[in-house]
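Undergrad: Take a look at this one; I'll ask things after.
The values are calculated or read from the model by the stated rules, or taken from the named source; none is laboratory data. In this text, all values refer to a predicted model and were calculated from it rather than measured experimentally. Cβ coordinates were reconstructed from backbone atoms using ideal geometry, including for glycine residues, and neighbour counts include every protein chain displayed.
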Amino acid sequence: MTRLALQPGATLGVLGGGQLARMWSHAAQSMGYRTAVLDPDVHSPAGLISHVHVPTAYLDPQGLARLASECQAVTTEFENVPAQALAQLQAHLPVSPSPAAVQVAQDRALEKAHFVRCGVPVAPHHVLAHADDLPTVPNHLLPGILKTTRLGYDGKGQVRVNTRTELAAALAQLQNGHADVVCILEKRLPLAGECSVVLARGQDGDCVYLPVQLNQHRDGILAITEVFEDALPAATAQHAIDAATHIARELDYVGVLCVEFFMLQDGPDKDALGPLVVNEIAPRPHNSGHHSIDSCDLSQFALQVRCMAGLPLTQPRLHSPCVMLNVLGDVWWLGGRNDQAPDWAAMLALPGVHLHMYGKTDARPGRKMGHITITASSITQARTVGAQVAAMLGWAA
Ligand code: ADP
Ligand code: MG
């Protein structure tokens with residue numbers, strides 16, 4: 001049933017107070033909504049800038065009750081929030097995405113089963129719940145990547161394995177004495193590249209999406225996203241969008257969803273583009289969609305606000321080709337000590353540079369501290385400035 005739109009002035013809530021919730025909060029507040037955040041960290045990036053911050057654990061019944069009483073609708077900024085927390089909130093107010101959809105996204109085995117049900121290609125895989133299951137692994141899955149089915153992110157919770165001996169060791173390592181940790185072995189695929197689609201699906205089933213994003217990872221963490229017209233052959237881009245909308249529809253999804261794809265190599269030429277294989281989904285805005293704040297007339301965060309408030313969705317338009325670079329905590333450690341703040345002024349002297357910092361004070365290696373989007377009139381120009389910014393961030397060429 002379609003409900004009435006929540007008007008500006010209403011309070012929108014989010015579970016989790018990291019950078020995704022912070023940028024969502026910025027978007028909501030710019031439209032006149034109040035925002036409320038539940039996150040145990042008193043210094044959480046979104047808690048710092050929201051009207052209400054409930055600093056309790058995600059399963060604290062009183063914290064959840066307070067969030068429910070403050071808000072008219074709730075969303076989540078990460079998939080590892082316990083489904084119970086969302087279910088408790090849903091008893092009192094609209095929750096999007098639904099606990100059922102989040103449950104699928106937080107478990108790689110359920111996620112893969114959903115993709116298979118949708119008929120979209122996935123990496124060959126095998127679920128491993130116990131060392132006794134090792135002999136059931138087919139040979140063709142090696143070399144592979146063993147991943148925990150739950151709680152993995154930014155390449156954490158996964159180990160590359162070449163042999164059965166390495167696989168057995170990796171399972172023991174990831175289970176680390178916890179027999180209830182279920183893992184999934186995926187065949188390692190020859191990648192020509194990676195891309196993603198961020199879409200938003202409203203309560204009425206209408207779906208809009210950002211243009212397909214090309215993503216480059218370093219050490220399992222997204223490093224660079226590029227977005228521009230004709231970044232992919234039209235048929236490939238359409239295939240990604242069709243697969244993403246199909247996955248969302250079959251989840252009865254409401255909210256912003258990111259679908260990540262592997263672009264396979266086509267034969268021996270490492271750069272030749274072959275078919276797409278879906279990798280994983282995130283039931284929320286995604287790092288690869290951050291560019292949309294500066295490059296599109298509607299950002300992924302504004303879309304998330306519209307979805308949860310029951311407002312109309314319109315197709316976002318990319319107005320500027322762009323390059324997005326993640327700013328990781330490593331930059332502060334370039335001299336071996338945690339005191340090397342990057343030269344922001346030098347970066348901002350370049351044309352089309354948009355700096356986004358998340359308000360985190362503790363710069364640890366691998367921690368996402370902020371991002372920089374470079375917009376330009378052509379992707380060539382955006383890449384030229386991007387290379388200058390990357391050099392200032394200490395990235396090796
Ligand atoms: P995370 O939840 O940490 O993002 P992913 O499953 O997306 O985990 O894996 C992180 C990265 O590792 C991917 O973006 C890709 O670069 C690489 N990767 C993961 N699985 C495979 C695979 N089956 N074949 C080849 N590369 C992979
Ligand atoms: Mg990923």
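Undergrad: Please list, ordered by residue number, the helices (runs of 4 or more DSSP H) wholly in the stretch 242-353 having 2 or more residues that are out of contact with any Ser or Thr (no Cβ under 6 Å at 6 or more places or on another chain) and surrounded by 21 or more Cβ atoms within 10 Å (Cβ to Cβ).
TA: Hits in the stretch 242-353: 300-309.
Undergrad: If you take the residues in the stretch 158-174 that are away from ligand 1 (no atom under 15 Å from the Cβ) and loosely packed, with under 13 Cβ neighbours inside 10 Å, which one is nearest to Ala282 (Cα to Cα)?
TA: Gln173
Let's see how each residue does on (1) within 16 Å of ligand 1 (Cβ to nearest atom); (2) among the acidic types (Asp, Glu):
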{"residue": "Glu186", "(1), (2)": "yes, yes"}
{"residue": "Ser196", "(1), (2)": "yes, no"}
{"residue": "Cys207", "(1), (2)": "no, no"}
{"residue": "Asn215", "(1), (2)": "yes, no"}
{"residue": "Ile221", "(1), (2)": "yes, no"}
{"residue": "Thr236", "(1), (2)": "no, no"}
{"residue": "Thr245", "(1), (2)": "no, no"}
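Undergrad: Which residue out of Gly177, Gly152 is at pLDDT below 95 and within 14 Å of ligand 1 (Cβ to nearest atom)?
TA: Gly152
Undergrad: Let me ask another. Which one is farthest from His125 (Cα to Cα), of the residues in the stretch 148-169 that are without any contact (Cβ under 8 Å) to a residue 60 or more places away in the chain and aliphatic (A, V, I, L, M)?
TA: Among those that are without any contact (Cβ under 8 Å) to a residue 60 or more places away in the chain and aliphatic (A, V, I, L, M), it is Ala169.
Undergrad: Looking at (1) of a type in the set (D, E, K, R); (2) under 29 Å from Asp252 (Cα atoms); (3) within 16 Å of ligand 2 (Cβ to nearest atom), can you tell me which one Arg160 breaks?
TA: (2)
Undergrad: Quick check on my filter: what residues within the stretch 137-149 are more than 14 Å from ligand 1 (Cβ to nearest atom) and in contact with a Lys or Arg (Cβ under 8 Å, 6 or more places away or on another chain)?
TA: Val137
Undergrad: Okay, next question. Look at Thr225 and say whether it is surrounded by fewer than 23 Cβ atoms within 10 Å (Cβ to Cβ) and β-branched (Val, Ile, Thr).
TA: In short, no.
Undergrad: If a residue must be away from ligand 2 (no atom under 13 Å from the Cβ), outside any loop (DSSP other than H, G, I, E, B), touching a residue at least 40 places away in the same chain (Cβ under 8 Å) and not charged (D, E, K, R), how many such residues does the stretch 208-240 contain?
TA: Adding up the residues that qualify gives 6.
Undergrad: Hey, could you check the stretch 186-204 for residues that are at pLDDT 95 or above and in contact with a Lys or Arg (Cβ under 8 Å, 6 or more places away or on another chain) and say which is farthest from Glu260 (Cα to Cα)?
TA: Gly202
Undergrad: Of these, Gly177, Gly155, which one is within 14 Å of ligand 2 (Cβ to nearest atom), among the small types (Gly, Ala, Ser) and surrounded by fewer than 16 Cβ atoms within 10 Å (Cβ to Cβ)?
TA: Gly155
Undergrad: Kindly list the number of the only condition in (1) in contact with a Phe, Trp or Tyr (Cβ under 7 Å, 6 or more places away or on another chain); (2) of a type in the set (Gly, Ala, Ser); (3) part of a loop (DSSP other than H, G, I, E, B) that fails for Gly205.
TA: (1)
Undergrad: What about Val182, is it buried (at least 17 other Cβ atoms within 10 Å of the Cβ), among the hydrophobic types (A, V, I, L, M, F, W, C) and modelled with pLDDT under 95?
TA: Criteria met by Val182.
Undergrad: Take the residues in the stretch 354-377 that are part of a loop (DSSP other than H, G, I, E, B) and touching a residue at least 60 places away in the same chain (Cβ under 8 Å); name whichever of them is nearest to Asn215 (Cα to Cα).
TA: Gly366
Undergrad: Separate question: Could you check Leu189 against (1) farther than 25 Å from Gly16 by Cα; (2) out of contact with any helix residue (DSSP H, G or I) (no Cβ under 8 Å at 6 or more places or on another chain); (3) within 14 Å of ligand 2 (Cβ to nearest atom); (4) not in a loop (DSSP other than H, G, I, E, B) and say which number it fails?
TA: (4)
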